[in-house]
1. Going through ILE180, ILE235, ILE173, ILE239 one at a time, which residue ends up being in contact with a Phe, Trp or Tyr (Cβ under 6 Å, 6 or more places away or on another chain) and either of a type in the set (Lys, Arg) or touching a residue at least 60 places away in the same chain (Cβ under 8 Å) (or both)?
2. From GLY233, GLY144, GLY181, grab the single residue that is on the phi > 0 side of the Ramachandran plot and of a type outside the set (S, T, N, Q).
3. Could you check region 155-176 and list, in sequence order, the residues that are within 20 Å of the chain's Cα centre (by Cα) and among the hydroxyl-bearing types (Ser, Thr, Tyr)?
4. Output the qualifying pairs, or none if there are none: Cβ atoms under 6 angstrom, residues six or more apart or on different chains, first residue in region 197-210 and closer than 18 Å to PHE237 by Cα and of a type outside the set (S, T, N, Q), second residue at pLDDT below 80 and not in a loop (DSSP other than H, G, I, E, B).
5. Working only within region 210-231, note down all residues that are in contact with a Ser or Thr (Cβ under 6 Å, 6 or more places away or on another chain) and not aromatic (Phe, Trp, Tyr).
6. Quickly run through region 195-229 and pick out the residues that are in contact with a strand residue (DSSP E or B) (Cβ under 7 Å, 6 or more places away or on another chain) and aliphatic (A, V, I, L, M).
Amino acid sequence: MKRHIPNVITLLNVFCGCVATVFAVLNKLEVAAFFVFLGIFFDFFDGLAARALNVRSELGLQLDSLADVITSGLVPGIVMFQLLSMSYSGGWNIGLQPNTTDTMQWAVFDIPLIPFFGFLITLASAYRLAKFNLDENQVSSFVGLPTPANALLILSFPLILLYHNNDFLNTIILNKWFLIGTTLLSSYLLNARIGLFALKFKNWSFRDNALRYIFITVSFVMILTMKFMAIPGIIAFYIISSLVNNLKVSKTD
């Protein structure tokens, strides 16, 4: 029975992704974000359970990536679709509103084409996960931004809109060029040849895990002080600290 425990946890991630997809389509983005966060929680613990029970398998690896395609790939794509559609309507809305001033529209459905650009995130996530399954070097570190981290970045935007109520931030987030640029940057980072450290502890020594302890501490402080605005900052800090660490390692080598 114990060899099935990690797969059951992974399937809970799939379930959370399915529920999040429904709410994202309904534009209930805060609920979608909650189930994505819950799915990422299960995504973290399925691997932990597999290592603890010593029951890692090829099936589990494939299932884990399939789960991530939904929770950390499809849902962020839908969320970006919704945010781009909001940039046309000027605020929160249910579904797409026709925009007669935009020439790029489906002739039959009379809806803007640009919001569909958000699904580039889904395509880039699926491609990144397929590469991850074939790459045996991504064990103690990652090459490119992990899909759960990217999902947290995208999901942070509607949460900032909903809970921070800052006109300046709202104007930036609902600017279509900001959203298009974020989509392009997100898709690039997912598949970039950038080495990023993983939060996997082989032991509890501070010397061996200094970067991880510093990252966790800084992230905790940022969340306490900045709430949802901390998420983009944490992702940026994660990438920058990884790049600095890579430079230090290359110099010592």
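1. Of ILE180, ILE235, ILE173, ILE239, the one residue that is in contact with a Phe, Trp or Tyr (Cβ under 6 Å, 6 or more places away or on another chain) and either of a type in the set (Lys, Arg) or touching a residue at least 60 places away in the same chain (Cβ under 8 Å) (or both) is ILE173.
2. GLY144
3. Residues satisfying the conditions are SER156, TYR163.
4. PHE197/SER141; ALA198/SER141
5. Passing the criteria: only ILE231.
6. Residues satisfying the conditions are LEU196, ALA198, LEU211.
The values are calculated or read from the model by the stated rules, or taken from the named source; none is laboratory data. Keep in mind that what you see is a predicted model, and the values were worked out from it rather than measured. Here the Cβ is made from the backbone with ideal geometry for all residues, glycine too, and neighbour counts use every protein chain on show.
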